[in-house]
Structures are given as C-alpha cells and as structure tokens.
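Notes for the one structure printed next.
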Amino acid sequence: MFSIPFNIPYVSGSEKQYVLEAIEGRRLSGDGPFTLKCQAFFEKRFGFPKTFLTTSCSDALEMAALLMDLKEGDEVILPSFTFVSTANAFILRGAKLVFADSLSSCPNIDPDEIEKRITPKTKAIVIMHYAGIACEMDAIMALVKKHNLFLVEDAALALDASYKGKALGSFGHFATFSFHETKNISCGEGGLLVINDERFVKRAEIIREKGTNRSAFFRGETDKYSWVDIGSSFLPSDLLAAYLWAQLEAMDEIQSKRLALFDLYYKDLSALHDQKKIRLAPKEAGKRTNASLFYFTVGSDKERDALIAHLKANGIQSAFHYQSLHKSAFFSKKHSLSLPNAEKFSDHLLRLPLYAGLREEQAEQIVDCVRDHFS
Ligand SMILES: *Cc1c(COP(=O)(O)O)cnc(C)c1O
C-alpha cells in the first residue's frame, strides 16, 4: 500500500555468512565468540568500561533495576514521553514511578521538573535521549551528584550520538541500548547493558546468568558453579550476535547514510519551520544526533493526523510516536496527572521515514509532499 514504507531494516550482506559461521562453529548459546566481539567493539568504539549483550533493551533496563536493589516504596523519576519499557523495568521491582514532564522545546525530560520531584525516597533518575538528541546532561549530572542518586540512561535511540564529545550511554551508572528491528543497528531483537560504575560488573554477570557464577566458573575462578543471587536469562544466542556483528561492521556506512538523509530533511524543511508551519527539533551546540529518527511537530493533533493522511494518500508512511505513559490505560486508572509538554509531543509529533536504504530522491519526494500539504 505504501510506495515508501516507514522503515526497512538494513541488511549489510554479511549477516548470512556470520550466522552460518556461528552454526558451523557449533557454539550457539550466549557469550560465544560473536558476543565477545560485539561487546569489545562497543567498549573500544565508545569507551564504555563494561558492556553485556542482552536479549533486549527492555531486559537491559530490568537488569539495571535489579542491580540498583530497588525496594518497595523507592521512587524513580522518569519521563512520561518514552517507551513503556522505561517504566516497566522499575515498576516490576515495586518502585513508585514519578513521571516528570518534557522540556517545551523537545521531548527530553526537563531537569527543573526532575528537581521538583526529588524526595528522601528518590533512588534513581531515568532519562531517555529522544531521537538520539542528548538530554540536558550538565544539569542532570549536577542533580545526580547533589542528591546522590542513581542515573540510568535509556539510550535505545541513541547509539553513536554524543554530548560535548562524550558518547551517550557513558553518563549513567547504567545505560541501555536496543537492537530491535526499528533501530539504526539491529539483530531483530537485542540489547546492550553498559555498566559505567565498576562496582556493579561482577553482580551484573551473575544476574545475567540466572543468578549463578557460571561465568566465573568457566574462567576457572571457582571450582563449582552454583546459585549465588537472584537473576534471570538475559543473554542472547550467539546466532543473534553473529547477525549483529555484520551490522556493526557496516555501522559507519549505515550512520553516514542516515545522517545525510537527516541533514537533507532538516535543510529542505527549514523554510516551513521559519514560516512556523512546522517546528523542527532544536539544534544545539555539543549535541550530535545519530539520526535515529526525524521528527517535527505541528500545531495540533488534527493537523498532525491530516498530514499523516496526506502523506498516506501519496503512498508515504509516516508515524506519530509515544503516547504519554501517565495517560496510558494502565497508569491513568490509578493516577490523574497533567504533563502538558509530554502530552503535546504525543499529540503533535510526526516522524518521517528515515533508514539507510531510503534514497535521496525518495526523501526529496517526501519533502515535496509535506510542502504541498502546507501550500
Ligand atoms: C525501542 C526502545 C526500547 C525497547 O527496546 P527493546 O530492545 O525492544 O526492548 C526502550 N526504550 C526506548 C526509548 C526505545 O525506543
């Protein structure tokens, strides 16, 4: 139905070869050679002290929640404009979710709104870098220090993005990435837990291996392998890591294609922004995006839906994004909350197709269609 779909997952061409290698090597469970290669890649390229491949970003978030030893009644401050997993991981541990509003200029969490919600029960701040555009890291780090809190970065959309030259994912005690089919680099379903605080490395290894010291056993550090802590199975098959490795080898190519398309959209739509027909994401010094998505906002939900319909009528699939979690059926049946900026981004935001296989002339066709709608 769509001549230009919203997303087509990138395939580098080497995936088949590496998956075949994994099959022929007869080493299919977790922590095989491809997993180790992928983890080493992330640590070298982004300077992360320790990384663990996980079955998803959701699972990496759940590991972070386990590592923080959250207890019933502990409070976690998080954005409402985010994916449901950012919240589930913490509520699963019995923590109380405290939603904070977005900035008015962009969907990222507002540090002033975080500060207002800090109480003696606050244990952690969870942030999410929307569109691979960094949150206000100086202000957030100051709060984390001042109140001695944990920081978790949900960096699912932020692989290869940075803040003042430092990779996103290296600020929090914990950071998580996603390799879901819809992300820049993917293996269908997959994730990564980054541990920036060495104190948690040993326990992370145990929690990821069903609460056992299996990894230490295989390294010869202990003569038995047994149950030592709570945990679950958070490690992906090496078959998935083999697929992911092919994607990582192509990362520079994927990123340069996406960034070129992002720049094309941004430049060609800036006239509509100047005429106040649409509002582009702010470009701020020191925040380098990874082109994980291209979004803008319009004046109302009706306008947004009309533009989606106009694009659809022209064979182009566009999409809105997160519905604010405080307005979800699950949360709103118990709590009534108003977070006007988050609600605005849920209602007014629209994303255009952006993927490495999208041709420049297709992007231009999409821009023309948006312009045509407003003329
Ligand atoms: C995609 C996404 C997730 C979930 O990732 P999975 O790997 O599918 O678990 C979490 N948070 C954000 C912000 C995301 O965009």
key: Over 30 Å between alpha carbons, listed pairs LYS267/LYS312; LYS50/LYS344; LYS257/LYS312; LYS210/LYS344; LYS44/LYS145; LYS121/LYS333   = LYS50/LYS344; LYS210/LYS344
ask   = Taking the alpha-carbon centroid of each part, what is the distance from segment 1-64 to segment 319-353 in angstrom?
value = 31 Å
remark   = Taking only C-alpha positions in the chain, Rg and Dmax in angstrom work out to 21.1, 74
remark   = Total charge of the residues flanking LEU149 in space, meaning their Cβ is under 14 Å from its Cβ, with Lys and Arg +1 and Asp and Glu -1, is -1
key: Loop-resident sites, segment 256-313, for trypsin sites (Lys or Arg not before Pro), counting at most 16 other Cβ within 10 Å (DSSP)   = LYS276, LYS283
note = Loop-resident trypsin sites (Lys or Arg not before Pro) in segment 35-136 with no more than 11 other Cβ atoms inside 10 Å, DSSP not H/G/I/E/B, are LYS71
request  = Would you mind checking the radius of gyration and Dmax of segment 74-130 based on alpha-carbon positions, in Å?
outcome  = 10.7, 32
key: Long pairs among LYS166/LYS202; LYS146/LYS202; LYS146/LYS183, criterion Cα-Cα beyond 31 Å   = LYS146/LYS183
query = How far is it, in nm, from the label point at GLN323 to the one at ILE8 when both lie 7 Å from their Cα along the line to the Cβ?
reply = 3.0 nm
inquiry  = Which GluC sites (Glu not before Pro) in segment 233-290 sit in a loop by DSSP (not H, G, I, E or B) and have at most 14 other Cβ atoms within 10 Å of their own Cβ?
reply    = GLU284
request  = Determine the relative contact order of the chain: mean sequence separation of Cα pairs under 8 Å and six or more apart, normalised by residue count, in whole percent.
outcome  = 23 percent
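Hull surface divided by four, with the convex hull built on the Cα atoms of segment 247-347: how many nm²? All intermediate terms of the calculation are to be shown ahead of the outcome.
On the way: hull surface 37.8 nm².
That works out to 9.4 nm², a quarter of the Cα hull's surface.
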key: Cα point-scatterer Debye curve for segment 1-152, base-10 log of I(q)/I(0) at q = 0.19 Å⁻¹   = -1.19
ask   = When the dipole is taken about the Cα centre of the chain, and only Lys, Arg (+1) and Asp, Glu (-1) are charged at their Cβ, what size is it in debye, to the nearest 20?
value = 600 debye
request  = Take MET141, MET63 and sort them by solvent-accessible surface of the protein heavy atoms, 1.4 Å probe, largest at the top.
outcome  = MET141, MET63
query = When the chain is fully extended, how far beyond the present Cα-Cα distance does ASP229 get from ALA142, taking 0.36 nm per residue of separation?
reply = 28.0 nm
message = With an 8 Å Cα cut-off and a minimum separation of 6 or more residues, compute the relative contact order for segment 224-331 in percent.
response = 17 percent
remark   = Relative contact order as a percentage, segment 1-137, C-alpha pairs under 8 Å and 6+ apart, gives 18 percent
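The values are calculated or read from the model by the stated rules, or taken from the named source; none is laboratory data. Since we're looking at a predicted model, the values are computed, not measured. Reconstructed Cβ throughout: ideal geometry from the backbone, glycine too, with neighbour counts over all protein chains shown. Heads up: the accessible areas ignore ligands, DNA and RNA and are worked out on the full protein's heavy atoms, side chains in. Shrake-Rupley method; radii C 1.70, N 1.55, O 1.52, S 1.80 Å.
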